[in-house]
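Notes for the one structure printed next.
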Amino acid sequence: MIDAYKGVSPKGDLVLLRKFGKLFGKKTFLHINSTREGGGVAEILHRMIPILQGLGIDARWEVIKGDGDFFSITKEIHNALQGNEEFITQEMWAHHLEVNKSNAEKLDLEADAVLIHDPQPAPLINFAKKGTWIWRCHIDVSNPRHDVWNYLKEYCNRYHAAVFSVARFSQSMRVNEFIIPPSIDPLSEKNRELSQEEVSETAKKFNIPFDRSMLLQVSRFDRFKDPIGVIKAYRMVKKYNDCILVLAGSPATDDPEGEAVLADVREYAADDPDIFVLLLPAFSDKEINALQRMATIVLQKSIKEGFGLTVSEAMWKEKPVLGSAVGGIPSQIMHGVTGFLVHSPEGAAFRVRQLLNNPDMAKRMGELGKEHVKTNFLITRQVRDYLSIWYALEHKNRSVLEL
Amino acid sequence: MSGVFEFKQCVTIIKATGKKAKNLSELRTALAVVSEGSIFHHTYQYLLKGHILEYTNDFSQWAGASLEESALAEQLSNIDPYDFGNIETLRKELLQVIDDYLKRFPETRDAMPGDEFFFNETITLVFQAGVRVRNLAEFLMAIKYIDASSLYYHFLDARRRFEGKSNDFSQWFDEELGKKDLAEKLRFIDPFMHNLEGIRTRIATAGEEAVRQDMESAGATT
């Protein structure tokens, strides 16, 4: 499996991964999250587990199950951690714990290392039996509602370590806190090279014209992704430059608000024939890949963002990217080098116009973006980092380790 | 080294310390108490960044870009961490520069929310890159494709092992290959003015020049 990344990922990462494969041998590595489809976490796990297994590590992925109430509660917890005003009652926290308890009874939690993704399964630590337990937070918790974070933190402080995507998400905790950005898989259906025929097929399928500049935002229909702001920016650009706008996203089973947001977006887009709102079924990876390759400029105008991997996906396809200066977006976009950081629909419109009128600059930014992603945001680097943490925690967390 | 140079490389994993600062006074307070590992990360390991920013360590970059205190950023940039025998002396120097600045300009501005200074530290994993060379020709082949972290480990991190005066490559050229001129040339590459790819190019150019000179002198004696 790891051989497939030869010539794609940095050589040093592959050397270290093979070393870890030998060091960890047949040890068990369990990942647990709350959805098998939709969103960046599920996507990365689909790809990461086979890589770990290919290294000889006994890796597993389990998904916790919950009722509608559970996912409404965890959505509110998620929103509160991103700063929204939400009130989580004691009964709601009790249900959160109860659902985790019932999952703990059904799941095999025995492993040498256990990586728990996000707040939904965080209480599973109460049922840990052995091994190194790490809590992985994919959310922007830089300004959380403190009552909600303080409650959740009681679970997180029982882990051996916590992992955040960027330094400014980290919180004062009693455990080791590591910073590991997430990543994309260059060989996945979403990021592999596509033939011109494959791209054309997608264009035809959605009736998207090939001969016009295309602005694209790929994200699930969520208010934090600000799809309405993107339409506002597009309308400002249209006064000066011809272009079309594509808003594409898949539903996620753990997001009950998605439908309402989609309806709002469709209403706001009204009958503009140059706006394409595409609700793609889960696993429409090839279509998303094709749309990103068709795009002239890619936007990620989120108001809050965990990390925003669509930025790295677009940069991997040599596209200039405009993103808000939130979440993990500033660590992906080097402002003025691989794209631009923007702070408003007006800012986004201004930068879109700059790029549409300077195709050479757009091309150069796209090329530099691909190099930046190769070094920093490929899946092989992320697997390397998880295994490094596991290794460091098993070696008493010394600051220099010779392998 | 017994004649053979074995390339190592390194990977760093960032750890948050939980400490942050939104203005210069808070930076000063935290800087006085953060771990030596954190100061090491924000000064020496700054050179691991793949791209060149305006200043030469994280403290000066933040003072310049986020606080817009250009004069302080210049002063902090001028501190060469390799001039100090240990981190505590480096910490004292950083504090001294900030204290002097605060005496002159006590009212410093706050960084934008989200742009605070976050004190981090690292765990470094060092491992063999699987590349061994025995002479200058093999070295020149290897230097072009070894990982950038290998350059960091042998050329920059190594300076700490030689009190800021040398690096692994120069030591090998000097002690094992007897190429004192080349060793000296490499010692004079300014580590703060190039990114790792720039350093790679300069090492390769210096090496190729040494080969050319060797060939010319060999030609002159035949």
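The values are calculated or read from the model by the stated rules, or taken from the named source; none is laboratory data. Not measured: the values here are computed from a predicted model. Heads up, the Cβs are rebuilt from the backbone with ideal geometry, glycines too, and the neighbour counts pull from every protein chain shown.
Considering only residues that are under 30 Å from A:S142 (Cα atoms) and either touching a helix residue (DSSP H, G or I) at 6+ places or on another chain (Cβ under 6 Å) or surrounded by fewer than 19 Cβ atoms within 10 Å (Cβ to Cβ) (or both), which ones fall in region B:121-132?
As a first pass, look at region B:121-132 and keep what is under 30 Å from A:S142 (Cα atoms): B:121-125.
Matches in region B:121-132: B:E121, B:T122, B:I123, B:L125.
Tally time: how many residues in region B:51-76 are over 18 Å from B:A111 (Cβ atoms) and either part of a loop (DSSP other than H, G, I, E, B) or of a type outside the set (D, E) (or both)? It would help to see each step written out before you state the result.
Of all residues in region B:51-76, those over 18 Å from B:A111 (Cβ atoms) come to B:51-52, B:56, B:74-75.
Applying the additional criterion that residues be either part of a loop (DSSP other than H, G, I, E, B) or of a type outside the set (D, E) (or both) yields B:51-52, B:56, B:75.
Residues that pass the stated criteria total 4.
Here B:Y145 clears all of (1) within 21 Å of A:P10 (Cβ to Cβ); (2) in a helix (DSSP H, G or I); (3) not hydrophobic (A, V, I, L, M, F, W, C) except the condition numbered (2). Determine, yes or no, whether A:A270 is free of Cβ contacts under 8 Å to residues at least 60 places away in the same chain, over 30 Å from A:F70 (Cα atoms) and surrounded by fewer than 21 Cβ atoms within 10 Å (Cβ to Cβ). Considered against the rule, which asks whether it is free of Cβ contacts under 8 Å to residues at least 60 places away in the same chain, over 30 Å from A:F70 (Cα atoms) and surrounded by fewer than 21 Cβ atoms within 10 Å (Cβ to Cβ), A:A270 comes out as yes.
Tell me the residue from A:A269, A:A263 that is out of contact with any helix residue (DSSP H, G or I) (no Cβ under 8 Å at 6 or more places or on another chain) and in the same structural domain as A:K363 (by TED's automatic domain parsing), please.
Values: A:A269 fails: out of contact with any helix residue (DSSP H, G or I) (no Cβ under 8 Å at 6 or more places or on another chain).
Answer to the selection: A:A263.
Of all the listed residues (A:I180, A:I231), the sole one being hydrophobic (A, V, I, L, M, F, W, C), within 14 Å of another protein chain (Cβ to nearest Cβ) and buried (at least 16 other Cβ atoms within 10 Å of the Cβ) is A:I180. The helices (runs of 4 or more DSSP H) found wholly in region A:300-403 and carrying at least 1 residues that are closer than 25 Å to A:Y159 by Cβ and without any contact (Cβ under 8 Å) to a residue 60 or more places away in the chain occupy A:379-394.
A:S142 meets each of the listed conditions (1) within 12 Å of another protein chain (Cβ to nearest Cβ); (2) under 27 Å from A:E394 (Cβ atoms) apart from (2).
In this structure, does A:L194 turn out to be surrounded by 24 or more Cβ atoms within 10 Å (Cβ to Cβ) and either of a type in the set (K, R) or more than 30 Å from A:E85 (Cβ to Cβ) (or both)? Write out each step before concluding.
Details: surrounded by 24 or more Cβ atoms within 10 Å (Cβ to Cβ): no; either of a type in the set (K, R) or more than 30 Å from A:E85 (Cβ to Cβ) (or both): yes.
Considered against the rule, which asks whether it is surrounded by 24 or more Cβ atoms within 10 Å (Cβ to Cβ) and either of a type in the set (K, R) or more than 30 Å from A:E85 (Cβ to Cβ) (or both), A:L194 comes out as no.
Of the helices (runs of 4 or more DSSP H) lying entirely inside region A:1-114, those carrying at least 2 residues that are away from every other protein chain (no Cβ under 14 Å) and within 21 Å of the chain's Cα centre (by Cα) are A:40-54, A:68-81. Looking at region A:28-49, is at least one residue free of Cβ contacts under 8 Å to residues at least 40 places away in the same chain and farther than 27 Å from A:D285 by Cβ? So far as region A:28-49 goes, no, none of its residues is free of Cβ contacts under 8 Å to residues at least 40 places away in the same chain and farther than 27 Å from A:D285 by Cβ. B:L67 satisfies every condition listed in (1) closer than 25 Å to A:S324 by Cα; (2) in contact with a helix residue (DSSP H, G or I) (Cβ under 8 Å, 6 or more places away or on another chain); (3) surrounded by fewer than 21 Cβ atoms within 10 Å (Cβ to Cβ); (4) not small (G, A, S) except (3). Checked against the criterion of being closer than 26 Å to A:M92 by Cα, away from chain B (no Cβ under 14 Å), over 19 Å from the mean Cα position of the chain (by Cα) and surrounded by fewer than 19 Cβ atoms within 10 Å (Cβ to Cβ), region A:154-170 contains one or more residues that satisfy it. Is there a residue in region A:122-134 that is within 14 Å of another protein chain (Cβ to nearest Cβ) and either buried (at least 18 other Cβ atoms within 10 Å of the Cβ) or on the phi < 0 side of the Ramachandran plot (or both)? The answer is yes, given that some residue of region A:122-134 is within 14 Å of another protein chain (Cβ to nearest Cβ) and either buried (at least 18 other Cβ atoms within 10 Å of the Cβ) or on the phi < 0 side of the Ramachandran plot (or both).
Being in contact with a Gly (Cβ under 8 Å, 6 or more places away or on another chain) and charged (D, E, K, R) is the requirement here; does B:R91 meet it? Spell out how you get there, then give the answer.
On the way: in contact with a Gly (Cβ under 8 Å, 6 or more places away or on another chain): no; charged (D, E, K, R): yes.
Here the answer is no, as B:R91 does not meet what is asked.
Can you find even one residue in region A:139-149 that is outside any helix (DSSP H, G or I), in contact (Cβ under 8 Å) with a residue 24 or more places away in the chain and within 12 Å of A:I32 (Cβ to Cβ)? Taking every residue of region A:139-149 in turn, none turns out to be outside any helix (DSSP H, G or I), in contact (Cβ under 8 Å) with a residue 24 or more places away in the chain and within 12 Å of A:I32 (Cβ to Cβ). Within region A:375-387, does at least one residue satisfy the condition of being within 11 Å of another protein chain (Cβ to nearest Cβ) and among the polar types (S, T, N, Q)? Looking through region A:375-387, at least one residue is within 11 Å of another protein chain (Cβ to nearest Cβ) and among the polar types (S, T, N, Q). Considering region B:122-133, and only residues there that are of a type outside the set (V, I, T) and facing chain A (nearest Cβ under 7 Å), the residue that is nearest to B:E26 (Cα to Cα) turns out to be B:L125.
Looking at region B:150-204 only, could you name the residues that are basic (K, R) and either in contact (Cβ under 8 Å) with a residue 12 or more places away in the chain or part of a loop (DSSP other than H, G, I, E, B) (or both)? Reasoning before the result, please.
First pass over region B:150-204, keeping only residues basic (K, R): B:159-161, B:165, B:179-180, B:185, B:187, B:200, B:202.
The answer is B:R159, B:R160, B:K165, B:K179, B:K185, B:R187, B:R200, B:R202.
Mind checking which residues of region A:115-137 are in a loop (DSSP other than H, G, I, E, B) and out of contact with any strand residue (DSSP E or B) (no Cβ under 8 Å at 6 or more places or on another chain)? Within region A:115-137, A:K129, A:K130 meet the criteria.
Which members of region B:17-36 meet the condition of being more than 13 Å from chain A (Cβ to nearest Cβ) and either part of a helix (DSSP H, G or I) or modelled with pLDDT under 90 (or both)?
B:L24, B:S25, B:E26, B:L27, B:R28, B:T29, B:L31, B:A32, B:V33
Under the condition of being charged (D, E, K, R) and either within 14 Å of another protein chain (Cβ to nearest Cβ) or under 16 Å from B:H42 (Cβ atoms) (or both), the residues counted in region B:95-120 number 2. Condition first: under 30 Å from B:F139 (Cβ atoms) and crowded, with 19+ Cβ neighbours inside 10 Å. Can you find one or more residues in region B:23-31 that meet it? No, every residue in region B:23-31 fails to be under 30 Å from B:F139 (Cβ atoms) and crowded, with 19+ Cβ neighbours inside 10 Å.
Out of B:I14, B:I98, B:I39, which single residue is outside the structural domain of B:L156 (by TED's automatic domain parsing), in contact (Cβ under 8 Å) with a residue 12 or more places away in the chain and either under 14 Å from B:F117 (Cα atoms) or in a loop (DSSP other than H, G, I, E, B) (or both)? Explain how you work it out, then say what you get.
Values: B:I14 fails: either under 14 Å from B:F117 (Cα atoms) or in a loop (DSSP other than H, G, I, E, B) (or both); B:I98 fails: either under 14 Å from B:F117 (Cα atoms) or in a loop (DSSP other than H, G, I, E, B) (or both).
The conditions single out B:I39.
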